[in-house]
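Comments concern the structure below.
The values are calculated or read from the model by the stated rules, or taken from the named source; none is laboratory data. All values derive from a computational prediction rather than experimental measurement. Using ideal geometry, Cβ is built from the backbone for each residue, glycine included, and neighbour counts are taken over all protein chains shown. Quick note on the areas: whole protein, heavy atoms, side chains included, nothing else; ligands and nucleic acids left out. Shrake-Rupley method; radii C 1.70, N 1.55, O 1.52, S 1.80 Å.
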Amino acid sequence: MSEHMKLYEVFIRSRRGLDHKHVGSLHAEDPAQALEYARDVYTRRSEGVSIWVVNSSDIVASQEGDCESFYDPLDDKPYRHATHYQLPDEVNNM
Amino acid sequence: MTTEHHEQDLAALEQRFQARIDAEEKIEPKDWMPEKYRQNLIRQISQHAHSEVIGMQPEGNWITRAPSLHRKCILLAKVQDEGGHGLYLYSSAETLGASREEMIEALHAGRAKYASIFNYPALTWADIGAIGWLVDGAAIVNQVSLQRTSYGPYARGMVRICKEESFHQRQGYHIMMTLARGSEEQKAMAQDSLNRFWWPSLMMFGPHDAESAHSAQSMKWKIKRQSNDELRQKFVDQTVKQAEVIGLTIPDPDLQWNEQRGHYDFGEIDWEEFTRVINGDGPCNRQRLAHHVRAHEEGQWVRDAITAHEAKKRQRNDRQAA
């Protein structure tokens, strides 16, 4: 039956103060069930304090092939990095 | 539930909330929190966001006039960063239930403030150096401290911002250093800019602790981790040396190393000026706000077009599905 159930992506916050992090996915009938399954599968060893489940089909993702149009200026704009500016040693910890 | 029960529940909730904060645990969006904590955060975060966005004006004004293509690229990148920082902060405030529209409306109506420093004009190229070095420098001192604020999304936003901010201060100092090593006129321009931006930069940390309206509660809730005066002292201590190294003089005759305290003593801020500028009567208050209102209104057709385009696309998809 699993092919009829929706796929959900699971995100877990391991500790207060940290971002939710993707840990995997599972099939479930509805969001409530997905949350319970996620609890059963992904948090068996106190991995987290909060779970997000998101319909996989709701995730819009860029592809590595899109790199150029998405991230092209990465390398030719070194002035966006702190290390680009050479300062005297006495104040270089700025 | 009777009122009495309700009050008991509330007291228990507040106790648990404070215990969590005392234990250095972060508060996350879906946690119960006192209404005043929520309001206090929305006020502080939205004003922080407004500061990032309004702060784009004095610098944006210099992009076309920067003295070289390289400096133009740097300044453009910096101003873009500030816009991004505004976004991080607005979305962090949105996790508390405030809408973007409400926040912008509060800014336009004058109910929400932004950092008073941006009500001073950037008159010369050296001012772009002073803004990066001093204004971003002061902001970083504040933001490093806020990385430990009790509200999770705000703390995480600060971590991201601090990482990106590191180049801002260095590029500003680099401008000042270059001018200070240049001709007599260039050095004078750098000194003049330091003279004008020094005191307003110290004002960025807000009133003295004893006079600060929101401080005590904010410290108890660990929204703020260090007091205004502590942060200001930290900024002065680290900046004096930086001025010395490039041969510029901080415009404060009372500035002096205090061996006993292990800190620099410094003169009193002109609090009348502070109050005047905060309350709308600085050199550029009206101009800054009017520009923001105008840009917002002139962008209305873009927002309308996006909505119309979305509606059309949905219609088309629905027709195909039918």
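Among the conditions (1) modelled with pLDDT of 95 or more; (2) open to solvent by 40 Å² or more (accessible area, probe 1.4 Å), B:H214 misses just one, which is (1).
Yes or no, residue by residue, for (1) under 30 Å from B:E24 (Cβ atoms); (2) hydrophobic (A, V, I, L, M, F, W, C); (3) at the interface with another protein chain (Cβ under 10 Å from one of its Cβ atoms):
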site: B:A155; (1), (2), (3): yes, yes, yes
site: B:Q171; (1), (2), (3): no, no, yes
site: B:M177; (1), (2), (3): no, yes, yes
site: B:A180; (1), (2), (3): no, yes, no
site: B:A190; (1), (2), (3): no, yes, no
site: B:F197; (1), (2), (3): no, yes, no
site: B:G206; (1), (2), (3): yes, no, no
site: B:Q238; (1), (2), (3): yes, no, yes
site: B:D252; (1), (2), (3): no, no, no
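Being out of contact with any Phe, Trp or Tyr (no Cβ under 6 Å at 6 or more places or on another chain), at pLDDT 95 or above and within 12 Å of chain A (Cβ to nearest Cβ): is that true of B:L76 here? Yes; evaluated as a whole, the condition is true for this residue. Just checking, does the stretch A:30-42 include any residue being in contact with a helix residue (DSSP H, G or I) (Cβ under 8 Å, 6 or more places away or on another chain) and either over 19 Å from B:K30 (Cα atoms) or crowded, with 18+ Cβ neighbours inside 10 Å (or both)? Checking the stretch A:30-42: not a single residue is in contact with a helix residue (DSSP H, G or I) (Cβ under 8 Å, 6 or more places away or on another chain) and either over 19 Å from B:K30 (Cα atoms) or crowded, with 18+ Cβ neighbours inside 10 Å (or both). Filter the stretch B:55-89 for residues that are under 23 Å from B:F205 (Cβ atoms) and in a helix (DSSP H, G or I) and give the result. Passing the criteria: B:M56, B:Q57, B:P58, B:E59, B:K78, B:D81, B:E82, B:H85, B:G86, B:Y88, B:L89. If you go through the stretch B:15-54 and pick out every residue that is within 13 Å of chain A (Cβ to nearest Cβ), within 15 Å of B:R225 (Cα to Cα) and either in contact with a Ser or Thr (Cβ under 7 Å, 6 or more places away or on another chain) or not in a loop (DSSP other than H, G, I, E, B) (or both), you end up with 3. In the stretch B:275-313, the qualifying residues are those that are of a type in the set (S, T, N, Q) and within 21 Å of B:W199 (Cα to Cα), and the one that is most open to solvent (accessible area, probe 1.4 Å) is B:N279.
Within the stretch B:265-274, identify whether any single residue is touching a Gly at 6+ places or on another chain (Cβ under 9 Å) and surrounded by 12 or more Cβ atoms within 10 Å (Cβ to Cβ), and answer yes or no.
Going residue by residue through the stretch B:265-274, those that are touching a Gly at 6+ places or on another chain (Cβ under 9 Å) are B:273-274.
Now drop any that are not surrounded by 12 or more Cβ atoms within 10 Å (Cβ to Cβ), which leaves B:273-274.
Within the stretch B:265-274, one or more residues are touching a Gly at 6+ places or on another chain (Cβ under 9 Å) and surrounded by 12 or more Cβ atoms within 10 Å (Cβ to Cβ).
Inside the stretch B:8-23, residues that are open to solvent by 50 Å² or more (accessible area, probe 1.4 Å) and either touching an Asp or Glu at 6+ places or on another chain (Cβ under 7 Å) or touching a residue at least 24 places away in the same chain (Cβ under 8 Å) (or both) make up a count of 0. When B:M203, B:M189 are screened for being under 22 Å from B:I117 (Cα atoms), open to solvent by 40 Å² or more (accessible area, probe 1.4 Å) and not acidic (D, E), only B:M189 passes.
Taking the stretch A:14-39 on its own, how many of its residues are away from chain B (no Cβ under 14 Å) and not hydroxyl-bearing (S, T, Y)? Write out each step before concluding.
Here is the first cut: in the stretch A:14-39, the residues away from chain B (no Cβ under 14 Å) are A:22-34, A:36-39.
Filter once more, keeping what is not hydroxyl-bearing (S, T, Y): A:22-24, A:26-34, A:36, A:38-39.
Matching residues across the stretch A:14-39 total 15.
Of the listed requirements (1) more than 27 Å from B:C162 (Cα to Cα); (2) within 14 Å of another protein chain (Cβ to nearest Cβ), B:Q8 misses just one: (2). Checked against (1) under 30 Å from B:W32 (Cα atoms); (2) of a type in the set (A, V, I, L, M); (3) away from chain A (no Cβ under 14 Å); (4) touching a Lys or Arg at 6+ places or on another chain (Cβ under 8 Å), B:A106 meets all criteria but (4).
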